[in-house]
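The values are calculated or read from the model by the stated rules, or taken from the named source; none is laboratory data. All figures in this text were calculated on a predicted structure; none of them were measured in a lab. So basically every Cβ, Gly included, is an ideal-geometry build from the backbone, and we count neighbours across all protein chains shown. All accessible areas refer to the heavy atoms of the entire protein, side chains included, with ligands and DNA or RNA removed. Shrake-Rupley method; radii C 1.70, N 1.55, O 1.52, S 1.80 Å.
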Amino acid sequence: MALSAVFRCFRGCEGSFPLTQAIYRCPKCDGLLTVRHDMTALGEISGHDWKSMFDQRWSATSSSGVWSKREWVAPEIPDDDIVTTGEGMTPLYPARRLAQELGFGELFVKQCGTTHTGSFKDLGMTVLVSVVNHAVKTGALKVNAIACASTGDTSAALAAYGAAAGLPVVVLLPRGMVSVAQLVQPLSHGAKVLALDTDFDGCMTIIRELATRGLVYLANSMNPLRIEGQKTVAIEIAQQLGWTVPDWVVIPSGNLGNSAALWAGFSMAKELGVIDKLPRLVIAQAANANPMYLAYTAGTLKTGEVPSVTAKATQASAIRIGAPVSAPRAVAALEAMNGVVEQATEAELADACARADRSGLYADPHTGVALACARKLRDKNIIRATDRVVVVSTATALKFTEFKLGYHEKKLAEMDYPLANTPIELPPDVDVVAKHLA
Ligand SMILES: [Zn+2]
């Protein structure tokens with residue numbers, strides 16, 4: 001079985017390009033690219049056999065969820081060139097108490113933040129850096145540096161995988177807009193960190209120009225190699241549910257690559273006979289950075305255009321994006337998955353985090369956006385009481401301690417704090433302490 005994958009135009013223009021080529025836009029229409037697999041060759045293995053193979057790998061020797069699905073991801077990368085930190089295979093947490101409290105039939109949280117650098121970005125970055133590593137080794141590509149614009153997590157993942165491969169990394173960050181934990185990760189891995197006086201969208205404009213000039217290899221999710229790794233989240237969710245799909249998958253969304261990745265994963269699984277239908281998709285946005293929500297409610301999505309907005313400050317800093325690069329992909333994903341778009345205010349996202357934390361989860365603000373949107377859709381009965389729902393948690397809350405503490409100390413903007421929980425200061429007297437136990 002000879003498997004292969006190439007870059008093709010997302011809109012369908014003619015021509016294909018090897019995955020080892022530094023190309024990010026269609027040369028004919030300037031649109032996004034996508035990775036196309038040889039589905040005929042993949043189809044020579046039955047759905048039953050794919051499931052057996054993937055199950056065997058999950059329980060046996062594989063340490064990477066992404067590369068345990070390697071035939072569906074980047075089939076031509078030899079073992080020696082793979083750069084992995086054991087990403088993927090993250091828990092699908094049954095949030096029973098939260099489900100009961102909010103009136104969900106079944107609610108699961110896909111804990112993507114329990115991975116090496118603490119966010120789902122590892123899934124795409126292992127693929128991108130492995131392909132670059134392979135291309136450099138074989139002489140197909142000369143790379144001065146792999147580079148990205150980032151709201152935090154992307155730069156952490158790129159810096160870690162670049163360091164693991166011994167490849168130079170440059171990251172562009174909006175100065176003062178990422179958490180301390182997110183800033184320190186690329187610094188620690190030896191990446192060159194350039195903090196610019198602009199927002200994420202401003203950094204993205206500059207990184208695209210640097211890539212166009214051939215000065216850097218672009219690692220943002222405009223590069224479809226990232227999507228190939230991220231799509232394994234969809235395959236893992238189905239696998240963890242016994243090769244069935246939930247009724248809904250809810251995902252926090254900024255640049256919208258993740259929505260496209262879910263669609264890519266579920267649709268590939270369906271085409272290859274591994275699942276029999278697609279779940280419905282919820283694109284969950286912060287109300288302060290909501291271009292997709294605005295286009296959805298205005299009914300203009302059919303054109304494929306999502307007008308840019310200027311994203312305002314949000315605790316969900318990783319999705320503070322006003323000009324989402326993967327909007328055309330996400331529009332297609334919404335249509336294919338009969339999806340909806342919802343938004344959450346700062347107070348709603350923070351309360352959703354606090355409520356989830358009270359049930360034993362530890363939710364980062366982006367997961368808070370997704371949980372808040374799921375709750376709103378449940379309240380509107382768009383998500384029904386009997387539905388099985390998976391919320392994708394994209395990062396660990398340990399990266400957002402300032403947010404957590406700010407909530408409980410009631411120091412954040414645009415909040416109500418119904419669940420704030422502050423320490424009670426007492427003298428070291430057993431009788432006084434005893435009065436405060438209940
Ligand atoms: Zn094209």
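For this structure, a couple of remarks:
- Peptides ranked, highest mean first, by Cβ atoms within 10 Å: ranges 98-108, 275-285: 275-285, 98-108
- An ellipsoid equivalent to the range 1-159, defined through the eigenvalues of its Cα gyration tensor, has semi-axes of 30, 21, 18 Å when rounded to whole angstrom and sorted largest first.
- Taking a sphere under 11 Å around the Cβ of CYS29 and counting the other residues whose Cβ falls inside, with K and R at +1 and D and E at -1, yields a net charge of +1.
- Largest GNM mean-square fluctuation across LYS380, LYS404, LYS231, computed for the chain with C-alpha springs under 10 Å, falls on LYS380.
- Relative to the current alpha-carbon distance between LEU92 and GLU305, full extension at 0.36 nm per residue lengthens the span by 73.3 nm.
- Axial C-alpha extent at least 20 Å, average Kyte-Doolittle at least 0.0 - helices from the chain (DSSP): 121-137, 257-271
- The largest accessible area among ASP81, ASP357 belongs to the first residue in ASP357, ASP81, and the rest follow in falling order (1.4 Å probe, all chains).
- Length-normalised contact order for the range 110-161 - Cα pairs under 8 Å, 6+ apart - percent: 42
- Length added when fully stretched, THR40-THR386, from 0.36 nm per residue minus Cα-Cα: 120.8 nm
- Cβ crowding within 10 Å averaged over residues, with 206-215, 330-339 ranked highest first: 330-339, 206-215
- Here the label points at ALA413 and CYS13, each 7 Å from Cα along the C-beta direction, are separated by 4.1 nm in the simple model.
- Whole-Å semi-axes of the ellipsoid equivalent to the chain (Cα gyration tensor, √5λ, descending): 34, 25, 22
- For LYS121, the aspartates and glutamates whose Cα falls under 18 Å of its own Cα, not counting residues fewer than eight places away in the same chain, are GLU87, ASP153, GLU228, GLU236, ASP364.
- Placing +1 on the Cβ of every Lys and Arg and -1 on the Cβ of every Asp and Glu, with no other charges, gives the chain a dipole of roughly 540 debye about its Cα centre.
- For LYS110, distant residues with modelled amide H under 5 Å away: TYR93, VAL391, VAL392, SER393
- Restraint check, LYS231/LYS270; LYS28/LYS302; LYS376/LYS410; LYS192/LYS399, Cα-Cα greater than 19 Å: LYS28/LYS302; LYS376/LYS410; LYS192/LYS399
- The range 180-203 and the range 248-265: distance between their alpha carbon centers, rounded to Å: 24
- Sorting SER64, SER267 by solvent-accessible area of protein heavy atoms yields SER267, SER64, largest first, with a 1.4 Å probe.
- Extent along the principal axes, Cα only, for the range 289-438: 68, 37, 23 Å, with the longest axis given first.
- Rg [Å, one decimal], Dmax [Å, integer] - the range 147-270, C-alpha atoms: 16.1, 48
- Averaged over its residues, the chain has an accessible area of 41 Å² per residue, based on protein heavy atoms and a 1.4 Å probe.
- Within the range 56-180: Cβ-based charge dipole about Cα centre, in debye rounded to nearest 20 (Lys, Arg +1; Asp, Glu -1): 200
- Positive contributions from Lys and Arg (+1) and negative ones from Asp and Glu (-1), summed over other residues with Cβ under 14 Å from the Cβ of ASN255, come out at +2.
- Share of carbon and sulfur in the accessible heavy-atom surface of the chain [1.4 Å probe, %]: 51
- All-pairs alpha carbon distance profile, the range 219-290, 5 Å steps from 0, percent: 3, 18, 27, 23, 16, 10, 3, 1
- Nearest-0.05 FRET efficiency for LEU187 and GLU76, computed from C-beta distance (R0 30 Å): 0.30
- Volume per residue that the Cα convex hull of the range 114-210 spans, once the total is divided by residue count, Å³: 88
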